Amino acid sequence: MGKSHYTIKEPTKDVLVGSSSAAGIDGDVSTIPRGEIDPVYEAKARVLNRAVQDIGMGWYQWQLFVVVGFGWASDNLWPIVTSLILTPVTNEFSVSRPPLLSLAQNIGLLAGAVFWGFYADIAGRRWAFNLTLGLTAVWGMIAAGSPNFAAIGIFAAFWSFGVGGNLPVDSAVFLEFLPGSHQYLLTILSIDWAIAQVVATLVAWPLLGNLTCQETDIKCTKSENMGWRYFVITMGGLTLIMFALRFFCFTIFESPKYLMGQGRDEEAVRIVQEVARRNGKTSNLAIEDLKACEPEGYQAHTSTSDAVKRRFEALQFTHVKALFATKRLAWSTGSIMAVWGFIGLGYPLYNAFLPYLQAIRGADFGDGSTYLTYRNSLIIAVLGVPGALLGGFLVEVKGIGRKGTLGSATALTGAFLYASTTAKTSDSLLGWNCAFSFFSNVMYAVLYAYTPEIFPTKDRGTGNALTATSNRIFGIMAPIIAMFANLETAAPVYVSGALFIAAGLLVFALPFESRGTASL
């Protein structure tokens, strides 16, 4: 075998290539548990990582950055849709337990995150990358014709099944083509998350504000309440456009790492070289570089069953134990899981019922019309955009860093929720909610980037999976709790505020600050 262009050696510094997905994505070979998988697979993955780093950030990655942003947008867009239609759906169908709609959504999100994560590792990223948006669009538009509350709940679960796979799959695709020098783009992607909320509320304002029943209406018929149906089909159409742009206007290459894991080394090399060509560069990667990692008599494990086995090995209890091996690691792992869990419960508990709460409080102030409710929702959403940008800036500020930014933003999110209960006028209530939106977007921008950085490299995939599970399970609990709470009081606000403040204090107690340092 010829001399390799990419010599495999033990790195002197662990290159940070983490995942910003709530679903635990292996964006780098460092996330694969060593000692449990084929060492040749690991060595080849290092070669591919180095080749991508040598290509650098170019035209293909910037295009990918745009279309991957559709996944980030969808991840926030559709939960917002559920939130915004809750009031008109409740009015039309005379629902006794409105939170069941959010429960159906969260069950779909959990199922989607689990299914698409496995699917991407077994069948490849390429089809999953497109199918998640496609299924979301189709079921979203079908939901507009729902004849009753049970139907809209089922369709919400179906569209959420697609939404749940966006971040796991899109993160994998993006990270496997992204050079380590541009990891900050993971934080910047949160801008799409915030913009999606603006778009949703901007469309909802005229449709839900003018074409739905008012809170004071005694009887709400379908013909008087068509606004929410127009809104859902519009969001489905927007998602369909994003799907079309991905599918027809952008060539998404299969992950070189996935191809290599399937024993298709030649295709993996060809993809790397094609990406380099599109960036106006050339790659020295050759098939010999990958074959050089194979000892004499090596037999690759490339079957589908091997792929499944690798996925389960990443979640084995031995790797969970590694994250609790020392007191410091145990405290770090347990605390970040609790942070994700508290936020997973607190955010939907409040945000999913925000329009409902605004309408109720607004009525107390004499201006609780549906139109004003959604106008205020738009204003609140706009304030989230600069929050995402500020989070990306503060994480690199010396003396503040990840922990300072995340802990402060999370605690302030809870504090402003409490402050909203003191509002004596509609304008003051709007102001407090705007502050909540701003700081919650700072929080999410940092949380997605900070979490994978504090896990030991070899166990990062398992750590991300633990936080994702904690977040989704607590998210399912939110509507269940809301069903037994009095939504006409400030009870959901008090509970949510307490959870955010507790999460913020836990962040300050975390033992690791990852700004300016290599991952563990």
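For the residues Val114, Val81, Val89, Val68, the requirement of being of a type outside the set (Ser, Thr, Tyr) and within 23 Å of Ala268 (Cβ to Cβ) singles out Val68. Go through the range 386-410 and give me each residue that's in a helix (DSSP H, G or I) and crowded, with 21+ Cβ neighbours inside 10 Å. Selection gives Gly387, Ala388, Gly391, Gly392, Arg402, Lys403, Thr405, Leu406, Gly407, Ala409, Thr410. Scanning the range 363-400 for residues that are modelled with pLDDT under 80 and among the aromatic types (Phe, Trp, Tyr), we see that the one that is farthest from Thr413 (Cα to Cα) is Tyr371.
Here Phe129 fulfils each of the conditions (1) of a type in the set (Phe, Trp, Tyr); (2) touching a residue at least 60 places away in the same chain (Cβ under 8 Å); (3) closer than 30 Å to Asn210 by Cα apart from (3).
Hey, could you check the range 196-229 for residues that are β-branched (Val, Ile, Thr) and outside any loop (DSSP other than H, G, I, E, B) and say which is least open to solvent (accessible area, probe 1.4 Å)? Going through the qualifying residues, I end up with Thr201.
Out of all the residues in the range 139-150, is one or more in contact with a Lys or Arg (Cβ under 9 Å, 6 or more places away or on another chain) and under 30 Å from Gly261 (Cβ atoms)? No: zero hits. Only one of the numbered conditions (1) modelled with pLDDT of 90 or more; (2) open to solvent by 20 Å² or more (accessible area, probe 1.4 Å); (3) touching a Pro at 6+ places or on another chain (Cβ under 9 Å); (4) hydrophobic (A, V, I, L, M, F, W, C) is not met by Leu16, and that is (1). Would you confirm whether any residue within the range 85-97 is at pLDDT 85 or above, small (Gly, Ala, Ser) and open to solvent by less than 20 Å² (accessible area, probe 1.4 Å)? No - not one qualifying residue is present in the range 85-97.
Count of the range 488-504 residues, restricted to those that are open to solvent by less than 40 Å² (accessible area, probe 1.4 Å), out of contact with any Leu (no Cβ under 7 Å at 6 or more places or on another chain), over 9 Å from Thr410 (Cα atoms) and modelled with pLDDT of 90 or more, is 0.
Can you find a residue in the range 300-317 that is assigned to a helix (DSSP H, G or I), open to solvent by 30 Å² or more (accessible area, probe 1.4 Å) and modelled with pLDDT of 85 or more? No, the range 300-317 has no match at all.
The values are calculated or read from the model by the stated rules, or taken from the named source; none is laboratory data. Everything quoted here is computed from the prediction, not taken from an experiment. Virtual Cβ from ideal backbone geometry, glycine too; neighbours counted across all protein chains shown. Just so you know, the surface numbers come from the protein's heavy atoms only, side chains and all, with ligands and any DNA or RNA stripped out. Shrake-Rupley method; radii C 1.70, N 1.55, O 1.52, S 1.80 Å.
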